[in-house]
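First comes the structure, then the notes that go with it.
The values are calculated or read from the model by the stated rules, or taken from the named source; none is laboratory data. This structure is a prediction, so every number in the text was calculated from the model and none was measured. Positions of Cβ are generated from backbone atoms using ideal geometry, with glycine treated the same way; all protein chains shown enter the neighbour counts. Side chains are part of the model used for accessible areas, which takes the heavy atoms of the whole protein and leaves out ligands, DNA and RNA. Shrake-Rupley method; radii C 1.70, N 1.55, O 1.52, S 1.80 Å.
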Amino acid sequence: MATIAAQQQAKPQALSAAGWRALVASFLGWLFDGYETYALILVAAVALRQLLEPQQLASLPIYIGGLLAVTLVGWATGGIVAGVLADYIGRKRVLMLSILWYALFTGLTALATSYASFMILRFLTGLGLGAEWGPGTAILGESWPPRSRGRAASVLQSAFAMGLVLASVVWLYVAPLGPSAWRAMFLIGVLPALSVLWIRRSVRESDLWVAARDRRQLARQRLAGGHAVSADDRALTGFTVKRILLAPDLRRRLALLLVLSICTIVAWWAVSTWIPFYAGQIAAKAGGNAQRWVALAGLYYNLGAILGFVVFGVVQDPFTFLMVAAVNGFFTVGQFAWMPVYLPELFPTDVRGSAISLVFDVTRYLAAAGPLLAGWLIVSLGGMSTAASIFGLAYVVGMIVTPFVAPETKGRPLPA
């Protein structure tokens, strides 16, 4: 089976209908993931003004930071668990479970009656949000030929920004509906569960994962029967994370990628997630409609992430801020594309889900402190500028680490 898989990898691969369906399934999962994530960012200030006591509102950024932090802790936990499960029970199955999970708990968030219940529901939602990326990225990478896999991965990553745009557009129209508009945003988040019906019927597991599963099962049978087994077979029967940590080349690769991931994720969650909140502050000071500018800031920021730039007139604040938000989105969200493009190419199939999820999600435990600390700095320093400058330095570290990560893998088959 391993020989057959290796031969298939060595031959030029044609793009199949199964590859397109894998892209659509992972795209939908990541799109709705983006919506669920940004819905919180857009409505947090409005929701907390209803859920907090009046004396707590002076520290509103800290409470918002707390919600972002627990979401990230849930995201990291769900992502790691789902990545490991995807190696054992399949990418498709975990992908479906993750979508169902975050759709359910996003909808239940609409019923929150206190800050404590809001936080608990956001943690549970975060478990599903984190669980989606690993299996979705793995099944996409394993279903597309080397010559076009990078482009497909970039399209996949853009789905998250499109989800952020979708949330911004929805909030633009839902916000004027009244005090309970924020609850409607979360109720709309139940709709992604419908995509699972199509995924279950139309998407199949990748041939690479099926071959890896069969190799693992055969190795276990040989080991249980007392037969002589090779070092590779013995490794296949072990726990995926343990194998990654014990293999020197995989361990080194993982460590450097974790540093790079920290630089990517910490700065975004600590700085860029505050853009809508900041836009609302600017608009309120200018006597404008704060919630409209919150939605517009999210919209322009994420169009910048997808398109690279947005052409529009710049006449006065907060219009100038919208242009800056678009440019910021191009770099800070757009640069996330290295993860689905590069990570699947660095690890073998039997541990791929575990490895890429470790890189993508472990760092969120550290990133969880970012929004909380940023909220505290905003309150302590009286604004966002200094806090953003401090956390923005993380990108400098990423530039230093990048050349040392791993060799170029462009155009090569995925490791079997």
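So that you can scan it fast, the table gives a plain yes or no per residue for (1) open to solvent by 30 Å² or more (accessible area, probe 1.4 Å); (2) among the small types (Gly, Ala, Ser); (3) closer than 30 Å to Thr237 by Cβ:
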residue: Ala181; (1), (2), (3): no, yes, no
residue: Phe186; (1), (2), (3): no, no, no
residue: Gly189; (1), (2), (3): no, yes, no
residue: Trp198; (1), (2), (3): yes, no, no
residue: Val203; (1), (2), (3): no, no, yes
residue: Trp209; (1), (2), (3): no, no, yes
residue: Ala212; (1), (2), (3): no, yes, yes
residue: Ala219; (1), (2), (3): no, yes, yes
Q. What is the one condition in (1) of a type in the set (A, V, I, L, M, F, W, C); (2) buried (at least 16 other Cβ atoms within 10 Å of the Cβ); (3) modelled with pLDDT of 85 or more that Val241 does not satisfy?
A. (3)
Q: With the condition kept exactly as written, say whether any residue in the range 126-140 is open to solvent by 30 Å² or more (accessible area, probe 1.4 Å) and under 16 Å from the mean Cα position of the chain (by Cα).
A: yes
Q.
List pairs: first residue in the range 230-241 and farther than 18 Å from Val210 by Cα, second residue part of a helix (DSSP H, G or I) and open to solvent by less than 30 Å² (accessible area, probe 1.4 Å) anywhere in the structure, Cβ distance under 6 angstrom, at least six positions apart or on different chains.
A. Val241/Ser354
Q) Just wondering, is there one or more residues in the range 34-56 that are within 26 Å of Pro135 (Cβ to Cβ), of a type in the set (Ser, Thr, Tyr) and modelled with pLDDT of 90 or more? A) yes
Q | Any hit, the range 159-169, residues being β-branched (Val, Ile, Thr) and either at pLDDT 90 or above or open to solvent by 10 Å² or more (accessible area, probe 1.4 Å) (or both) | A | yes
